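The values are calculated or read from the model by the stated rules, or taken from the named source; none is laboratory data. Since the model is a prediction, treat every value here as computed from it, not as a measurement. Glycine also receives a Cβ, built like all others from the backbone with ideal geometry; neighbour counts cover every protein chain displayed. Just so you know, the surface numbers come from the protein's heavy atoms only, side chains and all, with ligands and any DNA or RNA stripped out. Shrake-Rupley method; radii C 1.70, N 1.55, O 1.52, S 1.80 Å.
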Amino acid sequence: MKFEKWQALGNDYLIVEVASLPFELTPERIRRICDPHFGVGSDGILLLLPVEDPAHVAELRIFNPDGSEAELSGNGAREAVLYLRRAGWTEHDSFSILTKAGPIKPTLTSQRTATIKMGRASTTSADYPSGGPDGRGTLSAAGRDWMFQHISIGNPQCAIEIAGPEELRDLDLGWVGPEIESSELFPNRTNVSFFCSTGTGRIRARIFERGVGETLSSGTGASGAAVAAVLGGTQSPVTVELDGGELEVEVSPELDVSLTGWAEPVMTGELSPALVAALEDL
């Protein structure tokens, strides 16, 4: 099985073309491949499939390291579209790909940067069925109450504004994140973004991803935090400062979201026959 490993602000994925797969990507196999000790090690797998509809270049399926499938990943999608252009799937700098969340439309601005139209965010969704039209709520986790903003941007986001950078820095996401992710308010679990303002049009965010844990960056997490900030009065575009770097999120008055950032390849590899044989037995 051939693959390329890419990273975007430290958020790393293995990119695999379906034609190179010797087996089905089951949750057990995904967990083994993504394991840093017994596999290759990554934040997930990006599987690229050809499509018959000429309106789209490819279909992208996104798998978390716990074996679950994600609807969308901003960083993963950016890695995938830059890979598609380099690998010759398209000669165009602007095109469309299919995801579980629906079509997304990237525009490549250089060999390592792209802007992706992520679609229209919403404050209501089936992922927060008890929520009101504004998507705001309060939940209890880690011994305290948290006011949050629900955002659906291809996947569910729970954005929580923190008073300032010091409190954000001191948060124990490994303690509070899992409890919020699995709150009964969110039947499909949720991604969690903690953020605070750091200046005009700028926020600092930490992300706890559903099925992953705390990550250096997340495109959809940054988008959710930026939408919540704009709803709270922050000016768009929003520069989101993450542990792995910065992303720019533009939010229209109708909550249409565009995400701009970079991604780059790390390595090209092939699974050993021994690992392939072990995976086939799973």
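Of all residues being aliphatic (A, V, I, L, M) and open to solvent by 10 Å² or more (accessible area, probe 1.4 Å) in region 207-223, which is farthest from Gly174 (Cα to Cα)? Just the residue, please.
Leu216
From the residues in region 152-162 that are modelled with pLDDT of 95 or more, out of contact with any Cys (no Cβ under 8 Å at 6 or more places or on another chain) and open to solvent by less than 20 Å² (accessible area, probe 1.4 Å), which one is farthest from Trp89 (Cα to Cα)?
Filtering region 152-162 down to residues modelled with pLDDT of 95 or more leaves 152, 156-162.
Those still in the list that are out of contact with any Cys (no Cβ under 8 Å at 6 or more places or on another chain) too: 152, 156-160.
From what is left, the residues that are open to solvent by less than 20 Å² (accessible area, probe 1.4 Å) are 156-160.
On the way: Pro156: 30, Gln157: 31, Cys158: 35, Ala159: 36, Ile160: 39 Å.
Taking the candidates together, the pick is Ile160.
Specify which of the listed residues (Arg120, Arg169) is open to solvent by 80 Å² or more (accessible area, probe 1.4 Å) and in contact with a Leu (Cβ under 8 Å, 6 or more places away or on another chain).
Details: Arg169 fails: in contact with a Leu (Cβ under 8 Å, 6 or more places away or on another chain).
It is Arg120.
I need the strands (runs of 3 or more DSSP E) fully contained in region 188-239, keeping only those with at least 3 residues that are without any contact (Cβ under 8 Å) to a residue 40 or more places away in the chain and within 23 Å of Glu79 (Cα to Cα).
Because the criterion is at least 3 residues that are without any contact (Cβ under 8 Å) to a residue 40 or more places away in the chain and within 23 Å of Glu79 (Cα to Cα), the strands (runs of 3 or more DSSP E) in region 188-239 that meet it are 191-199, 202-209.
Right, Glu246: in a strand (DSSP E or B), of a type in the set (D, E, K, R), more than 28 Å from Asp145 (Cα to Cα) and open to solvent by 10 Å² or more (accessible area, probe 1.4 Å) or not?
yes
What number goes with the only condition from (1) on the phi > 0 side of the Ramachandran plot; (2) within 20 Å of the chain's Cα centre (by Cα); (3) free of Cβ contacts under 8 Å to residues at least 60 places away in the same chain that His150 does not pass?
Result: His150 passes all but (1).
Of everything in region 120-147 that's in a loop (DSSP other than H, G, I, E, B) and within 17 Å of the chain's Cα centre (by Cα), which residue is farthest from Asn191 (Cα to Cα)?
Among those residues, the one meeting the criterion is Ala121.
Is it the case, given these coordinates, that Thr260 is within 20 Å of the chain's Cα centre (by Cα), among the polar types (S, T, N, Q) and buried (at least 23 other Cβ atoms within 10 Å of the Cβ)?
no
In region 224-240, what count of residues is obtained for those that are surrounded by 24 or more Cβ atoms within 10 Å (Cβ to Cβ) and in contact with a helix residue (DSSP H, G or I) (Cβ under 6 Å, 6 or more places away or on another chain)? Can you show your working first?
So in region 224-240, the residues surrounded by 24 or more Cβ atoms within 10 Å (Cβ to Cβ) come out as 224-229, 238, 240.
Filter again for in contact with a helix residue (DSSP H, G or I) (Cβ under 6 Å, 6 or more places away or on another chain), leaving 238, 240.
Here the count works out to 2.
Here are some conditions: (1) under 20 Å from Leu231 (Cβ atoms); (2) open to solvent by 30 Å² or more (accessible area, probe 1.4 Å); (3) out of contact with any Ser or Thr (no Cβ under 7 Å at 6 or more places or on another chain). Ser140 meets all but one. Which one does it not meet?
For Ser140, the exception is condition (1).
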